[in-house]
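Below is one structure, written out as structure tokens, with a few remarks after it.
The values are calculated or read from the model by the stated rules, or taken from the named source; none is laboratory data. This one's a predicted model, so the numbers in the text were calculated from it and none came from an experiment. Counting neighbours? That spans all protein chains shown, and the Cβs are built from the backbone with ideal geometry, glycine included.
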Amino acid sequence: MAPWVRVVIVTHNPGARLAFCLAALAAQTDPDFEVVVIDNASTDGSAGLALPDPRFRRLAAGANLGFAAGVNLGARDAVPPWLASLNPDTVPAPDWLERLAAATRRHPAAAAFGSTQLREAAPDRLDGGGDCYSIFGLAWRGGFDRPAALAEADRAVFSPCAAAALYRRDAFAAAGGFAEDFFCYLEDVDLGFRLRQRGHAVIQVADARVIHAGSASSGRHSRFTLFHATRNGLWLMARCLPLPLLGLALPLYLLAQLALMGRTPEPGARLAGLAAGLAALPRLGPQRRAVRRANRLSLGATAALLVWDPRRVLRRDIVAVRG
């Protein structure tokens, strides 16, 4: 059988976790897939790890391109009609791909699908049940650290988390793939937003499950993570939000980041991210115009995708959206 999906795994010093991820893929109940491992100039020896079988191949990027550009590189010559992104710190369930394939048949209008992510340290708790986005410019993995039983049915969500996501290849290519300037963090929310603006549905698949360590390479609260997440949050708003919503969201985002600085171990990283994000806003004009030209959503429909209740943001709720 020809592969129906290409799985792209972007690595940069993934350590021993990569072997577990590849072994779990090799054991999938649906064997009709291919895997491209993009090595972003790893120095931990993982680039020499033996691949499980001929369905797997490795591509050396030659430099650390980041996650966004790495996935785009892995997708560039793809022939299968679907693309999956998978983090090297995940372990997909044996029927992960089988469940995703079944979801594409249940939801033929959808162009992107997310997986139920379970915490590595507590597999009965969610690592994420679909990405959410708010008028405050803050995004989160819905249901983080809530009981896994909450992810009991498929639901429409704002965006899939790219740690374990599936995209229709033609929709991915038409949208331009991931925004490479982001390097990593929030590029999946940005792409999910753009797919929705193009009229596509996005579905979170309850029974497609992976174990996810989360920020295994960079650290959840490291300077690297906080800088890129803060900077990219500004860029996401500037690229994708309609002007009336952007005028409301931008000051709310700045206030939210100032509040968060007192709650994180590296407040200077957030401040540096804000400075870098603001400094680069003028050059995002062409990107914003391209995104807005492709938009098919009304202002009201766009606003309805966003979370407006700050309590839901603080709780990191799972949030279903329309369509």
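Could you pull out the residue among 164, 208, 153 that is buried (at least 24 other Cβ atoms within 10 Å of the Cβ) and either among the acidic types (Asp, Glu) or out of contact with any helix residue (DSSP H, G or I) (no Cβ under 7 Å at 6 or more places or on another chain) (or both)?
When all the criteria are applied, what remains is 164.
Pull up the stretch 283-298, narrow it to residues that are among the charged types (D, E, K, R) and part of a helix (DSSP H, G or I), then point me to the one that is farthest from residue 235 (Cα to Cα).
Only one residue tops the list, namely 293.
Restricting to the stretch 304-323, name every residue that is surrounded by 16 or more Cβ atoms within 10 Å (Cβ to Cβ), not in a helix (DSSP H, G or I) and not small (Gly, Ala, Ser).
Of everything in the stretch 304-323, those that are surrounded by 16 or more Cβ atoms within 10 Å (Cβ to Cβ), not in a helix (DSSP H, G or I) and not small (Gly, Ala, Ser) turn out to be 306, 307, 316, 317, 318, 319, 321.
Any idea which of 290, 249, 272, 256 is surrounded by fewer than 16 Cβ atoms within 10 Å (Cβ to Cβ) and not acidic (Asp, Glu)?
290
Part of a helix (DSSP H, G or I), in contact (Cβ under 8 Å) with a residue 24 or more places away in the chain and among the aliphatic types (A, V, I, L, M): which single residue out of 280, 301 fits that description?
280
Can you name every residue in the stretch 227-277 that is outside any helix (DSSP H, G or I) and more than 24 Å from the chain's Cα centre (by Cα)?
If the condition is that a residue be outside any helix (DSSP H, G or I) and more than 24 Å from the chain's Cα centre (by Cα), then 262, 263, 265 are the ones that fit.
Here are 47, 84, 24: which of them is modelled with pLDDT under 95 and crowded, with 16+ Cβ neighbours inside 10 Å?
47
Would you confirm, using the coordinates I've provided, whether residue 73 is under 19 Å from residue 113 (Cα atoms), in contact with a Leu (Cβ under 9 Å, 6 or more places away or on another chain) and not basic (Lys, Arg)?
Spelling it out, it is not the case that residue 73 is under 19 Å from residue 113 (Cα atoms), in contact with a Leu (Cβ under 9 Å, 6 or more places away or on another chain) and not basic (Lys, Arg).
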